[in-house]
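Report on one structure; see the data block that follows.
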Amino acid sequence: MILFPAIDLKDGQCVRLKLGDMEQATVYNPDPGAQARAFEEQGFEWLHVVDLNGAFAGETVNGAAVDAILKSTKNPVQLGGGIRTLEHIENWLSRGLARVILGTVAVRDPALVIEACRKFPGKVAVGIDAKGGKVAVEGWAEASELGVIELAKKFEGAGVSAIIYTDIDRDGILTGINWDSTLELADAVSIPVIASGGLASMDDIRRMIAPDAAKLEGAISGRALYDGRIDPQEALALIRATRKA
């Protein structure tokens, strides 16, 4: 079980959005590299990074900020946002990413995801972002007709390392993770699932380590960490105790 701290990048800065709205961005740190170091020093073991501008543009926009993060931490980093081609994937992995997260392209071109998994085993995750139960694409700006489980099942057996499942209706507003939908997805596929969107308090951490959530790879926390609603030491101690149990 892993707690992934999140760095969302907008215009080179570390921000958090409310409900995926680029106009509702709060800047938490103008130096993403320093934020990455801080998370490592707090004891986190992974880092979740999203190029928000890139998600809308369909190509990397905050590349310099991501490079600064990679230089600033020894922790493995996963990156999503604007990664749409095999060339994008190969470029980022060569720059030191532990894995890429494919979102829009997973809807638009599932065959590319399957090919990426074949070429880069263990290095490809799929991001499934849902609004009203349907998958959203293009930086959450467009809705598709695909259901979450319907999309996830397309990648069974392909070698996807994880599915990051975000409930957009909860993201950034601290209402708690949508555990019912997350666990329903985890039950439906054999691919490890990471919960995202709305993690609000230590109650979510305790829910995350409950026995029925053991099938999850972990959860992502953004605003709750930045606002001090979750104490990193307390949260990580709870998770470590569960691992030893």
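Note on residue 134 and residue 150: the model spin-label points, each 7 Å out from Cα along the C-beta direction, lie 0.9 nm apart. Annotation note: GluC sites (Glu not before Pro) in region 147-217 located in DSSP loop regions with a Cβ neighbour count of at most 14 within 10 Å are 156. Solvent exposure of the chain, expressed per residue, is 40 Å² of accessible area, with all protein chains present and a 1.4 angstrom probe.
Which of rounded, prolate, oblate describes region 1-123, given a ≥ b ≥ c as roots of the alpha-carbon gyration tensor eigenvalues and a/c under 1.5 marking rounded, otherwise prolate only if a/b is larger than b/c? Oblate shape, in that a/c is at least 1.5 and b/c is the bigger or equal ratio.
State, as an integer percentage, the relative contact order of the chain based on alpha-carbon contacts under 8 Å between residues 6 or more apart. List each step's numbers first, then the result.
Working: 529 pairs, mean separation 44.2, N = 245.
18 percent.
List the trypsin sites (Lys or Arg not before Pro) in region 1-77 that DSSP assigns to loop (not H, G, I, E or B) and whose Cβ has at most 14 other Cβ atoms within 10 Å. Which are they? Passing sites in region 1-77 are 74. Around the Cα centre of the chain, unit charges on the Cβ atoms of Lys, Arg, Asp and Glu (plus for the first two, minus for the last two) sum to a dipole of about 660 debye. Summing +1 for each Lys or Arg and -1 for each Asp or Glu among the other residues whose beta-carbon sits under 11 angstrom from that of residue 90 gives +2.
Given a Förster distance of 41 Å, report the FRET efficiency between residue 11 and residue 214 from their Cβ-Cβ distance, rounded to the nearest 0.05. Between residue 11 and residue 214 the formula returns 0.60.
Once every DSSP H run of n ≥ 4 in the chain is given -39500 (n - 2.57) and the sum is divided by its residues, what mean residue ellipticity at 222 nm do you get, rounded to the nearest 500 deg cm²/dmol? Can you show the working numbers first?
Working: 11 runs with 90 residues, N = 245.
Rounded to the nearest 500, it is -10000 deg cm²/dmol.
Counting only residues at least eight positions apart within a chain, or on another chain, the lysines with an alpha carbon under 27 Å from that of residue 71 are 10, 119, 123.
Among the listed options (i) 1, 6, 13, 17, 18, 15, 12, 8, 5, 3, 1, 0, 0; (ii) 1, 6, 10, 13, 13, 13, 12, 10, 8, 6, 4, 2, 1, 1, 0; (iii) 1, 7, 15, 20, 22, 18, 12, 4, 0, the one matching P(r) over Cα pairs in 5 Å bins from 0, in percent as calculated from these coordinates is (iii).
Mean separation of Cα pairs under 8 Å and 6+ residues apart, divided by the residue count of region 1-105: what relative contact order is that in percent?
Working: 202 pairs, mean separation 26.4, N = 105.
It comes to 25 percent, rounded to a whole number.
Farthest toward the positive end of the dipole of the chain, out of 105, 210, 52, is the Cα of 210, where the dipole comes from beta carbon charges about the Cα centre. Gain on full extension, evaluated as 0.36 nm per residue between residue 240 and residue 23 minus their Cα-Cα distance, stands at 74.4 nm.
Could you tell me the calculated FRET efficiency between residue 41 and residue 111, based on Cβ-Cβ distance and R0 = 41 angstrom, to the nearest 0.05?
Details: r = 41 Å, r/R0 = 1.01.
E between residue 41 and residue 111, to the nearest 0.05, is 0.50.
Protection proxy ranking for 92-98, 22-28, using the average of other Cβ atoms within 10 Å per residue and placing the highest first: 92-98, 22-28.
The values are calculated or read from the model by the stated rules, or taken from the named source; none is laboratory data. Keep in mind that what you see is a predicted model, and the values were worked out from it rather than measured. Glycine gets a Cβ as well: all are built from the backbone with ideal geometry, and neighbour counts include every protein chain shown. Heads up: the accessible areas ignore ligands, DNA and RNA and are worked out on the full protein's heavy atoms, side chains in. Shrake-Rupley method; radii C 1.70, N 1.55, O 1.52, S 1.80 Å.
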